[in-house]
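Comments concern the structure below.
The values are calculated or read from the model by the stated rules, or taken from the named source; none is laboratory data. The structure displayed is predicted, hence computed values, not measured ones. Cβ coordinates were reconstructed from backbone atoms using ideal geometry, including for glycine residues, and neighbour counts include every protein chain displayed. Each accessible area value is taken on the protein alone, full model and side chains, heavy atoms only, with ligands, DNA and RNA left out. Shrake-Rupley method; radii C 1.70, N 1.55, O 1.52, S 1.80 Å.
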Amino acid sequence: MTSHILGSKAITDRILCSWIRCKRKAWLDLNENNQKKIWSPHRALQLDHQHKSVEEFLQNSPQRGVQGFHRGAEEVVGVRLKGVTPLGLSIEGHPLLLQKIKGKSCWGAFSYIPIAVRQGHRVTREKRLSLAFWGYLLEQLQKVEVKYGLVISKGSNGLEVEKIIFTTKIKYELLDSLKRINKDISKGDPPDLTSDRKKCNLCSWKDFCDKKAAQEGDLSEVNGVGAKRKNLLQEVGIRDLSQLASTSSNNLSNSLSKYGEAHQRIASQLINQARVQINLVPKRLAEKMLLTELKFAEGVLIYDIESDPDAKHDFLHGFICLRRQKNRKWSLANAEYKPILNFEYDNEEKIWKKLKNRLKTFKNFPVLHYGETELRSFYKLAKRQGESEEEIKEMTIRFIDIHARLKEGWMLPVSNYSLKNVAQWLKFRWTHRRSNGARALLWWRQWRGSNEIRNQKSKKLDLILEYNKDDCIATWKVAEWILSKE
Ligand code: SF4
């Protein structure tokens with residue numbers, strides 16, 4: 001491992017983005033062995049969205065390189081900009097796209113502004129500062145101030161364009177960040193894990209950092225400890241998982257009382273969870289039956305949705321139909337996978353009919369799902385299709401959230417209660433080891449962009465269906481475990 005020498009390398013736009021996400025990530029990107037990274041579908045999804053948004057924005061083919069500026073091209077790509085900050089730090093950026101506007105620069109009666117692509121519904125700090133970073137570099141080259149940049153994004157209603165003014169505040173924030181980045185990446189050791197570990201799900205260093213967190217018993221490993229609570233626990237002198245497990249509930253409750261009732265009330269829950277994680281033995285929280293609805297059920301439907309959140313499109317409603325055997329036992333050998341694929345965005349009426357039929361055909365079967373997504377999406381779709389509250393209630397009364405029931409009755413030795421984590425603890429393995437919702441979405445987008453789209457049969461679609469079926473089976477595995485303890 002080599003330590004970065006202060007000022008010996010330029011700070012790039014990539015380092016800036018990494019640092020905004022997590023200071024540790026910027027350090028690891030520069031100093032750790034890249035082979036320890038894992039491939040993350042989020043980056044591929046981001047690039048796909050970027051490509052589509054830029055394609056929608058451009059009227060003509062952009063010109064490549066600095067010659068484009070000299071020729072006064074409408075749009076320029078493929079430029080590497082270099083510069084220095086007032087503190088003498090070298091910086092380097094590779095703007096996505098630059099657009100010509102009226103004005104005055106060293107090339108003539110025009111100048112350029114930078115353009116970035118937004119993912120999601122709002123402009124993040126990362127986007128704002130990378131745009132300002134490109135603007136700052138660009139003004140050193142074109143010898144005229146860059147007053148604003150554009151953030152574009154292709155959404156379900158077309159291209160959205162937002163103007164970001166480079167205020168004194170943004171410029172100050174950028175220069176201050178660069179100063180702090182230089183300090184952080186010059187350290188001999190990596191910064192601590194981010195306190196908001198949710199971010200790690202999108203990061204290519206996830207496995208590397210998960211190992212470290214588990215080895216060190218980091219507090220963020222305890223279910224229920226997010227960024228804020230971790231800080232509070234540290235403030236009252238609890239530094240790791242084993243210390244939390246050995247604390248008395250009264251002591252912790254008293255120490256946390258100054259931060260509000262909610263933190264005080266959760267003290268014993270956190271301690272119990274930490275103990276379960278250390279002892280590796282599940283703890284029962286409620287003696288009552290958790291899945292009474294299944295006691296006399298002849299069968300169940302297990303439901304899992306795959307969606308494209310940017311396009312607000314649920315592209316797959318996956319069901320497994322599981323009938324009870326004659327001897328009253330449950331067996332996955334009887335399972336039938338029955339997916340409903342939603343190929344078009346504007347096909348909702350047809351999809352709704354199919355969903356209603358599915359529920360009608362298996363009219364007495366409870367509908368099992370993991371988490372809130374399925375019920376929420378089903379409800380919204382029903383509303384859009386004009387169903388009355390009464391009709392919706394009649395249908396959704398059969399829905400059972402296995403995640404909620406599990407948490408009501410059990411504490412498990414897992415760092416979070418996501419379907420992946422819990423089912424893996426139960427030794428269930430997905431057919432494709434690294435598959436997840438983001439990867440399924442990537443397969444969906446790749447399929448839609450491919451030549452195979454017409455025949456509705458393809459390897460990518462098969463992968464999506466396989467993944468969704470595995471999610472349904474994993475949901476059943478959790479339900480089956482709960483049943484085994486009733
Ligand atoms: S996995 Fe988490 S802690 Fe590690 S670098 Fe990424 S975001 Fe930071």
*Which of the residues belonging to segment 317-338 are assigned to a loop (DSSP other than H, G, I, E, B) and open to solvent by 50 Å² or more (accessible area, probe 1.4 Å)?*
Gln325, Lys326, Asn327, Arg328, Lys329, Lys338
*Could you tell me whether segment 428-447 includes any residue that is over 25 Å from Lys198 (Cα atoms) and not in a loop (DSSP other than H, G, I, E, B)?*
yes
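Yes or no, residue by residue, for (1) at pLDDT 95 or above; (2) open to solvent by 20 Å² or more (accessible area, probe 1.4 Å); (3) away from the ligand (no atom under 13 Å from the Cβ); (4) under 22 Å from the mean Cα position of the chain (by Cα):
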{"site": "Leu6", "(1), (2), (3), (4)": "no, yes, yes, no"}
{"site": "Thr12", "(1), (2), (3), (4)": "yes, yes, yes, no"}
{"site": "Trp27", "(1), (2), (3), (4)": "yes, no, no, yes"}
{"site": "Asn31", "(1), (2), (3), (4)": "no, no, no, no"}
{"site": "Pro41", "(1), (2), (3), (4)": "no, no, yes, yes"}
{"site": "His49", "(1), (2), (3), (4)": "no, no, yes, yes"}
{"site": "Gln63", "(1), (2), (3), (4)": "yes, yes, yes, no"}
{"site": "Gly68", "(1), (2), (3), (4)": "yes, no, yes, no"}
*Answer yes or no: is there a residue in segment 212-223 that is open to solvent by 20 Å² or more (accessible area, probe 1.4 Å) and more than 30 Å from Tyr417 (Cβ to Cβ).*
no
*Out of segment 161-206, which residues are more than 16 Å from the ligand (Cβ to nearest atom), polar (S, T, N, Q) and surrounded by 16 or more Cβ atoms within 10 Å (Cβ to Cβ)?*
Ser177, Asn182
*From the list Ala286, Ala262, which residue is in contact (Cβ under 8 Å) with a residue 24 or more places away in the chain and either closer than 17 Å to Ile402 by Cα or assigned by TED's automatic domain parsing to the domain that holds Glu221 (or both)?*
Ala286
*Does Leu137 fit the bill of being modelled with pLDDT of 95 or more, buried (at least 21 other Cβ atoms within 10 Å of the Cβ) and away from the ligand (no atom under 16 Å from the Cβ)?*
yes
*For segment 99-129, enumerate the residues that are in contact with a Gly (Cβ under 8 Å, 6 or more places away or on another chain) and surrounded by 18 or more Cβ atoms within 10 Å (Cβ to Cβ).*
Lys100, Trp107, Ser111, Ile113, Pro114, Ile115, Ala116
*Scope segment 339-361; condition within 30 Å of Lys295 (Cβ to Cβ) and open to solvent by less than 20 Å² (accessible area, probe 1.4 Å); matching residues*: Ile340, Leu355, Leu359
*Which residue out of Glu173, Glu162 is over 17 Å from Arg21 (Cα atoms) and at pLDDT 95 or above?*
Glu162
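Kindly provide the set of residues from segment 228-271 that are of a type in the set (S, T, N, Q) and either buried (at least 17 other Cβ atoms within 10 Å of the Cβ) or touching a strand residue (DSSP E or B) at 6+ places or on another chain (Cβ under 6 Å) (or both), ordered by number. Quick ask: steps written out before the conclusion?
Looking only at segment 228-271, we keep the residues that are of a type in the set (S, T, N, Q), and these are 231, 234, 242-243, 246-251, 253-255, 257, 264, 268-269.
Scanning segment 228-271 gives Thr247, Ser253, Ser255.
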*surrounded by fewer than 20 Cβ atoms within 10 Å (Cβ to Cβ), of a type in the set (Lys, Arg), more than 19 Å from Ser195 (Cα to Cα) and assigned by TED's automatic domain parsing to the domain that holds Lys338, is that true of Lys312?*
yes
